[in-house]
There are 2 protein chains.
Amino acid sequence: MAKKPSIPKGTRDFSPLEVQRRQYIMNKIQHHFELYGFMPIETPSFENSDTLMGKYGEEGDRLIFKILNSGEYLKKASPELLETGKENQLTSQISEKALRYDLTVPFARYVVQHQNDITFPFKRYQMQNVWRADRPQKGRFREFTQCDADVVGSNSLLQEVELVQLYDAVFTDLDLKACTIKINNRKVLAGIAEVMGAEDKLIDFTVALDKLDKIGKEKVQEEMLSKGIDQKAIDLLDPVFSLTGSYAEKIASMKELLKDSEIGLKGIEELEFINSSITQMPLKSAVLDLDITLARGLNYYTGCIFEVAAPEGVAMGSIGGGGRYDDLTGIFGLKDVSGVGISFGLDRIYLVIEQLNLFPDSVRAGVEVLFINFGKSEAQYCAGWLSRFRESGIKTELYPDSAKMKKQMSYADRNAIPYVILAGENEINDGKLNLKNMASGEQLQLTPEEIISRFS
Amino acid sequence: MAKKPSIPKGTRDFSPLEVQRRQYIMNKIQHHFELYGFMPIETPSFENSDTLMGKYGEEGDRLIFKILNSGEYLKKASPELLETGKENQLTSQISEKALRYDLTVPFARYVVQHQNDITFPFKRYQMQNVWRADRPQKGRFREFTQCDADVVGSNSLLQEVELVQLYDAVFTDLDLKACTIKINNRKVLAGIAEVMGAEDKLIDFTVALDKLDKIGKEKVQEEMLSKGIDQKAIDLLDPVFSLTGSYAEKIASMKELLKDSEIGLKGIEELEFINSSITQMPLKSAVLDLDITLARGLNYYTGCIFEVAAPEGVAMGSIGGGGRYDDLTGIFGLKDVSGVGISFGLDRIYLVIEQLNLFPDSVRAGVEVLFINFGKSEAQYCAGWLSRFRESGIKTELYPDSAKMKKQMSYADRNAIPYVILAGENEINDGKLNLKNMASGEQLQLTPEEIISRFS
């Protein structure tokens, strides 16, 4: 027991200042979610395993935290599996619940389960933790917070436009200027694969293309070749690799490339609509940019795909992402409900704001007034006023012990308490309190009412 | 997959209204925590198992949710245990992490781990979920929310007084009048056991006494007998069983009973101090009551013990509890740090407020204005104003599709949206919007600016 306690790797304790800074970000996000008409829901931290398993690919299944059944959990386990050590098959016999991996699948489950109580289109937001047994690194934790806004039950592209505006509103409000909102469309990716004659390799093709940023054109081409896409098809991709210019210029090049693909042109049309809407109602600080390589690896996207990059100069993975999925609830038996949504990665946004030194000082909202404790009868006198101060909305505390003055003042200092009140015999006799400004050192003899009115 | 999805037993989905009502309660609790000088911290949802195991008794250990190790978790398991099915011993070999069971033990771990960064006395609050594999019933869930405030590093009884005031402030603010704050003191219980000559049976004795409410005097006496406490000793308890009257009257009786027990009289002195302080600064709506049978089964309490009962007539277990523990951080190697704290049970408080119909209507904070969608060009006209409305702080949405009027109006109705805006060709030509009050049916032709100023 003498061993110094620790927490599991990839998890974090949050100090008072960190909690307040997280709340500052979450409050802003929540505020804009609500201005845009989204309503909050919450789902349980753990779901039945069959709700989650198989929804995030093989890799995802591995990264889901499983909860061991309670009691005599081995009774349901096959002796053979126990003996041969086949964890993959054994797990479902000794674990029936698992921690939430994201907020999207639980949301789809929620919509299907409560479909009769929901008015569609249903606009929900959800700000909760998710857990992944991933290898921890900078900006990647095993427990982290997602803030998601989704609309289900409408395939209007106005939603995509609004979600771009919502990203812009939040990041502008957080003073995170010049974030890049990257956009692409799954139909355009499908169109490219079609033009290349590689429809059957759409996944391999997009997975490789998605890496262009990181590994460069040559390596991407190598990967495509190794997946069985032939050189002639890859050559057709050249305009994609060399795509530059404005959103509109990129659209023009892609239109030419996709001129024979119906699905491709549909995707282009969607991307054009969003761009022309945003051009008419310009974003406040973010930049909307077309990124044809963006795929986000998530196979459920069927239309637009979004990803947000932090302001230039900050090395951080994406701080948000999302897209349209035409049939997410289908996996739970409710067909033909289109959805579109975006997510804010709270933990990474925090790191970016911290790195850019953009947390306002006012976020630290600690105690405003400390009553110094001079002993039993003085403390009693103060205690009466303490309640009055609090009722007037002033964050106040009384030092609990009549410790040495130096210790009490150092407590105020270390907790950044801006004012202390000293009430000794003289003050008590005069019905006054001595208010000391910790920064300036100025002291004033005031009645308690005068102090209260100064703070309000 | 066609099977209707569900969630694990004892867990819940929260609808928008439920989330807003929970936030309403949590905001009030948080507000008062901060007025009283508590600062927020957060700890991870799961801890290393050895942080939690052995801290809540055998029953508690069983109720802790364990997380299965990732990957080839059987490699560390002893083949013999797998074969013989001894889950108790096997669990620690295949699971190294467990979900938080309460907020107190993780807090103690936090204090010890971060002791060099903390200024004592340290006043922290924490509002997070906890998980217990308990049998679900009314007011008892497998995932629920605790809101705790604790002070560590001071043994001043002023803290106990403040915690009683804090309970009163929160429950008064929630309009939960006449909650009973029951108080007892572990030293008094130890004193009674001493007087009875049953010091070695203190736990058995308090566990039995704690049940007086539920099973009555005779059954309690039977249980004590069965635990080896002799009849003569039990007869000495008679004044405890028949204790009535005011707080002060009960104190007087107990003083007589405990006159030869030093520890018992120390407990009485503490209870007297708290009562006289509260008498000088009367509570706003709660009642402080001495309950000598109160033990709360938690062995770490060493001084005062608190428990809050809902207003009379509401059948609900305790809605809050707490106490002083002189050596909680000792289990993690930091000795002699006294702590005292209280907890609010959010989920039960919710049920009580719901049963008493005390949620204000204003808690439901949904969309204020819905723009009706008449088609592409009208929607475009509205979209420009939509942003302006939102920037002015009005929660606004545009119906995403140009659906039938009836459908759009019914959407407004079902979501309790108080105003809709109709902007057809005429309004667009006049630069106006038609604002309809959904309750009265009144319609006004106004400029967008006029509408915005009406809402601010």
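The values are calculated or read from the model by the stated rules, or taken from the named source; none is laboratory data. As the structure is a computational prediction, the values presented were derived from the model and not from experiment. Glycine also receives a Cβ, built like all others from the backbone with ideal geometry; neighbour counts cover every protein chain displayed. The protein model used for the area step is the full one, side chains on, heavy atoms only, and it has no ligands, DNA or RNA in it. Shrake-Rupley method; radii C 1.70, N 1.55, O 1.52, S 1.80 Å.
Between residue B:59 and residue A:13, how high is the FRET efficiency from 1/(1 + (r/R0)^6) when r is the Cβ-Cβ distance and R₀ = 35 Å? Nearest 0.05.
Details: r = 28 Å, r/R0 = 0.79.
Step by step, r from the Cβ atoms, then E = 0.80.
Name all residues of the range A:154-175 having a backbone nitrogen under 16 Å from the label point set 7 Å from the Cα of residue A:314 along its Cα→Cβ direction, giving them as ranges.
Within reach of a label on residue A:314: A:167-175.
Which of rounded, prolate or oblate describes the range A:1-81 when judged by the alpha-carbon gyration tensor and an a/c cut-off of 1.5?
Values: a/c = 2.81, a/b = 1.44, b/c = 1.96.
Oblate is the answer for the range A:1-81, as a/c is 1.5 or above yet b/c matches or exceeds a/b.
Within chain B, what is the longest stretch that has no GluC sites (Glu not before Pro) placed in a DSSP loop and near at most 10 other beta-carbon atoms within 10 Å? Don't skip to the answer; put the middle values down first.
Details: sites that count: B:312, B:442.
With a cap of 10 other Cβ atoms within 10 Å, the longest stretch comes to B:1-311.
I'd like the carbon and sulfur percentage of the solvent accessible area for the range B:264-354, probe radius 1.4 Å, heavy atoms only, ligands and nucleic acids excluded. Intermediate values should be presented prior to the final figure.
Values: 1610 of 3080 Å².
Reported share for carbon and sulfur atoms: 52 percent.
Could you state the angle between the C-alpha long axis of helix B:158-173 and the longest principal axis of the C-alpha atoms of chain B, as a value from 0 to 90 degrees rounded to the nearest 10?
The two axes meet at around 40 degrees.
Could you work out how far apart the two model spin labels at residue B:284 and residue B:92 are, taking each label as a point 7 Å from the Cα in the direction of the beta carbon, and quote it in nm?
It works out to 4.9 nm between the two label points.
If I take R0 = 60 Å and measure r between the Cβ atoms of residue A:225 and residue A:175 in this structure, what FRET efficiency does the formula 1/(1 + (r/R0)^6) give, to the nearest 0.05?
According to the calculation, E is roughly 0.85.
Under 5 Å between amide hydrogens, which residues at least 5 positions from residue B:320 or on another chain qualify, with H placed 1.01 Å from N in the peptide plane?
Close amide H contacts, sequence-distant or interchain: B:308, B:345.
As a test of reading the structure, rank B:324, A:364, B:12 by solvent-accessible area (1.4 Å probe, protein chains only), most first.
Numbers: B:324 15, A:364 120, B:12 55 Å².
Most to least solvent-accessible, the answer reads A:364, B:12, B:324.
Starting from the amide H of residue B:288, placed 1.01 Å from N in the peptide plane, find each other amide H under 5 Å away whose residue is 5 or more places distant or on another chain.
B:181
Between the label point of residue B:326 and that of the same position in each other copy, find the distances and list them shortest first in nm, with every label point placed 7 Å from Cα along the Cα-to-C-beta direction.
From this label point to the equivalent ones elsewhere in the assembly: 7.2 nm.
Can you tell me the FRET efficiency between residue A:84 and residue A:253 if r is taken as the Cβ-Cβ distance and R0 is 56 Å, rounded to the nearest 0.05?
The computed FRET efficiency comes out at 0.50.
Accessible area per residue, 1.4 Å probe, Å², for the protein assembly as shown: what's the number? Working shown, then result.
On the way: 38510 Å² over 912 residues.
About 42 Å² of surface per residue is accessible.
Would you compute the Debye intensity of the range B:305-439 from its alpha-carbon atoms alone, equal scatterers and no solvent, and pass along log10 I(q)/I(0) at q = 0.12, 0.16 Å⁻¹ to two decimals?
-0.66, -0.84
Label the range B:1-151 by shape, choosing from rounded, prolate and oblate, from the square roots a ≥ b ≥ c of the eigenvalues of the Cα gyration tensor; if a/c is under 1.5 it is rounded, and otherwise prolate applies when a/b is larger than b/c, oblate when it is not.
Working: a/c = 2.54, a/b = 1.33, b/c = 1.91.
Oblate is the answer for the range B:1-151, as a/c is 1.5 or above yet b/c matches or exceeds a/b.
For the range B:369-455, what is the relative contact order in percent, using Cα pairs closer than 8 Å and at least 6 residues apart in sequence? Numbers along the way, then the final one.
Numbers: 123 pairs, mean separation 26.0, N = 87.
Relative contact order, the range B:369-455: 30 percent.
Based on alpha-carbon centroids, what's the gap between the range B:230-281 and the range A:337-359 in Å, whole number please?
57
Would you mind computing Rg(Cα) / (2.2 N^0.38 Å) for chain A, counting N as its residues? Each step should come with its number before you reach the end.
Working: Rg = 28.5 Å, N = 456, 2.2 N^0.38 = 22.5 Å.
That works out to 1.27 for chain A.
How high is the relative contact order of chain B, in percent, with contacts defined as C-alpha pairs under 8 Å that are six or more residues apart? Show your work: numbers first, answer last.
Numbers: 727 pairs, mean separation 67.6, N = 456.
Relative CO of chain B lands at 15 percent.
I'd like the orientation of helix B:376-391 relative to chain B: the angle between its Cα long axis and the longest Cα principal axis, in ° from 0 to 90, rounded to 10.
Roughly 40 degrees, rounded to the nearest 10.
Using 0.36 nm per residue, how much length does the chain from residue A:392 to residue A:447 gain when fully extended, once their Cα-Cα distance is taken away?
Details: separation 55, 0.36 × 55 = 19.80 nm, distance 1.48 nm.
Computed gain between residue A:392 and residue A:447 is 18.3 nm.
Rounded to the nearest 10 degrees, what's the angle between the helix B:247-257 long axis and the longest principal axis of chain B, both from Cα atoms, 0 to 90?
So the helix axis and the longest Cα principal axis differ by about 20 degrees.
Note down the magnitude of the dipole of the protein assembly as shown about its Cα centre, charges +1 on Lys and Arg C-beta and -1 on Asp and Glu C-beta and zero elsewhere, to the nearest 20 debye.
On the way: 110 positive and 132 negative charges, 100 e Å.
For the protein assembly as shown, the charge dipole is close to 480 debye.
I need the phi-derived Karplus couplings for the range A:315-328: 6.51 cos²θ - 1.76 cosθ + 1.60, θ = phi - 60°, integer Hz, Gly and Pro marked x.
7, 7, x, 5, 9, x, x, x, x, 9, 10, 6, 8, 5
Am I reading the A/B interface right? What is its buried accessible area, both sides, 1.4 Å probe, to the nearest 100 Å²?
Details: alone 23670 and 23660 Å², together 38510 Å².
So the total buried area for this chain pair works out to about 8800 Å².
Near residue B:444, within a Cβ-to-Cβ distance under 15 Å, what is the net charge of the other residues, with Lys and Arg +1 and Asp and Glu -1? Intermediate values should be presented prior to the final figure.
On the way: positive: B:432, B:436, B:454; negative: B:427, B:430, B:442, B:449, B:450.
After counting each charged neighbour, the total is -2.
Note the distances from residue A:217 to each other copy's matching label point, with points 7 Å along the Cα-to-beta-carbon direction, in nm, sorted shortest first.
Residue A:217 label point versus its equivalents elsewhere: 9.4 nm.
Give, as ranges by residue number, the residues of the range A:59-93 whose backbone N falls under 13 Å from the point 7 Å along Cα→Cβ of residue A:140.
A:60, A:63
Sequence-distant or interchain residues sharing an amide H contact under 5 Å with residue A:398, placed H: which?
Amide H to amide H, under 5 Å and 5 or more residues apart or across chains, residue A:398 pairs with A:371.
Please tell me the relative contact order of the range B:305-360 in percent, rounded to the nearest whole number, where contacts are Cα pairs under 8 Å and at least six residues apart. Can you show the working numbers first?
Details: 76 pairs, mean separation 16.7, N = 56.
Reported as a whole number, the value is 30 percent.
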